[in-house]
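To start, the structure under review is shown below, and the notes come after it.
Only the coordinates and a few stated rules stand behind these numbers; no lab work does. As the structure is a computational prediction, the values presented were derived from the model and not from experiment. Neighbour counts are summed over all protein chains in view; Cβ atoms, including those assigned to glycine, are modelled from backbone coordinates with ideal geometry.
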Amino acid sequence: MNDFLAIYGWREIDVRGAKDAGLRFGARLIVPIFSVISGATFVLATFPPSVAPPKEVPPLLKDMSGAQVHFNLPAKRIILFPSILPTFLTIDEGPSHLAGIPKVSLEDIEASVLGRSIYPSVAQTPIVGAAFVPTAANVEEIMRLNPDAVITLSQPSLGDPLREVGMPHVMEVSYDSDTVADWEMTWRLMGILTGRSRRVEWILRRYKPERDDAISPVPNSNVNRPNAVAMNSYSGNYSILSLPSYWINWDLGLEKVLTPASGMKWGWRYAQDDPEEAMRINPDFIFMFCQASNDHCLSDIYRDSRYQPVTAIRKRQVYRIPEYTWTDWQVEEPLMLYWLTELLHPDGRPSRLRLAYKQIYQDIYHYRLEDDELDRMIYLRENLQSAGYQRLMRPVLVQSTRP
């Protein structure tokens with residue numbers, strides 16, 4: 001017994017002093033027992049409790065309507081209703097996370113190089129409805145696709161059919177073509193949703209330097225500013241796009257061009273097939289939006305007797321606007337400005353347009369843009385009937401005649 005106690009540092013007890021020795025032994029025994037219990041309690045306290053942890057709540061994301069929506073990020077199955085499919089494809093580098101798009105979005109993207117050549121697999125995306133907004137008729141199909149995010153426009157009642165059936169992950173976006181802040185917020189929300197925020201910020205940082213480079217040849221003077229209009233051609237009828245909200249008028253303003261939108265109040269005029277209005281404005285340049293299937297858009301207006309007195313017709317300064325995915329603003333607008341600058345402010349220097357197109361498409365999409373495809377994008381064959389468009393032709397390599 002004494003040997004056992006000695007091991008633990010207790011001195012030998014004289015058993016002949018029964019009562020006193022017993023009390024002393026008990027007092028000495030309490031201290032080590034308390035130490036053992038305290039140590040065990042400390043060890044147990046370091047282990048997590050056996051209670052199951054609370055279920056993780058998906059993070060909140062505030063959309064452009066101000067609503068806070070729970071999403072599991074990044075979203076993997078997205079149904080995209082607004083006309084921002086080009087933006088989505090650019091940000092996410094393809095359609096792999098799309099669970100559904102409306103028919104009109106597919107038709108628009110297939111008419112562009114993005115859908116035709118860069119991301120052709122977008123054609124395999126399930127179709128949900130025909131228009132850019134969800135309807136009650138689409139709800140069952142949307143639920144069947146089991147999306148983890150549904151994107152709609154931020155307008156009253158557009159998302160209601162989905163909320164009424166308890167769809168939890170509905171995000172609203174809003175954009176105006178003359179509000180850069182709206183576009184940037186749309187891009188950033190898509191970046192958060194897809195887990196591509198770093199790519200979004202990289203593209204946004206590129207935008208202003210590229211835009212400024214595109215308009216660098218534009219004179220600072222307001223003297224002798226050319227006069228221009230944008231027109232829409234549809235089934236033989238022409239509409240003058242006079243509203244400041246049209247992106248083309250925004251770009252023409254950067255080009256120091258006078259337009260019907262210059263100094264106008266918002267929403268003042270949209271002239272429907274009005275030759276008299278065109279003659280009153282009498283533009284030096286006309287920039288035409290044409291249906292993708294119409295390959296004689298310029299020939300039609302050049303032959304239309306109603307527009308013959310207009311200066312742009314007489315000087316053959318009517319141009320078909322290149323393929324342009326307008327919602328892909330941060331990529332496409334600098335290219336549009338390069339194109340406009342070449343036509344409105346030719347300065348005798350070699351054209352920069354082709355190099356700009358090829359460099360931007362290589363940088364953003366890792367896509368080598370060939371000359372034949374670029375000719376198609378800028379409607380080279382059709383626009384060659386208009387003045388000065390030869391400068392946008394591909395360079396011709398002249399072979400040496402020396403032996």
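Sequence-distant or interchain residues sharing an amide H contact under 5 Å with Ala149, placed H: which?
For Ala149, the qualifying residues are Arg77, Ile79.
With labels modelled as points extended 7 Å from the Cα through the Cβ direction, what inter-label distance (nm, one decimal) is found for Leu355 paired with Arg77?
4.9 nm
Roughly what would the spin-label model give for Arg314 and Met279, points 7 Å off Cα along C-beta, in nm?
1.2 nm
Please go through the residue pairs Lys208/Lys315; Lys103/Lys208; Lys315/Lys358; Lys76/Lys103 and name each one whose alpha carbons sit more than 26 Å apart in this structure.
From Lys208/Lys315; Lys103/Lys208; Lys315/Lys358; Lys76/Lys103, over 26 Å: Lys208/Lys315; Lys103/Lys208; Lys315/Lys358.
Give the long-range amide H neighbours of Ala230: residues separated by 5 or more places, or on another chain, with amide H under 5 Å away, using H modelled in the peptide plane at 1.01 Å from N.
Residues meeting the amide H criterion: Leu241, Phe287.
Whole number please: convex hull volume per residue of the Cα set in region 97-145, in Å³?
It is 63 Å³ per residue.
Which of rounded, prolate or oblate describes region 84-124 when judged by the alpha-carbon gyration tensor and an a/c cut-off of 1.5?
The shape class here is rounded.
What does the extension gain come out to for Val104 and Leu384, with contour length at 0.36 nm per residue minus their alpha carbon separation?
97.7 nm
Can you give me the distance in nm between label points at Met393 and Arg206, each placed 7 Å from the Cα along the Cα-to-Cβ direction?
3.1 nm
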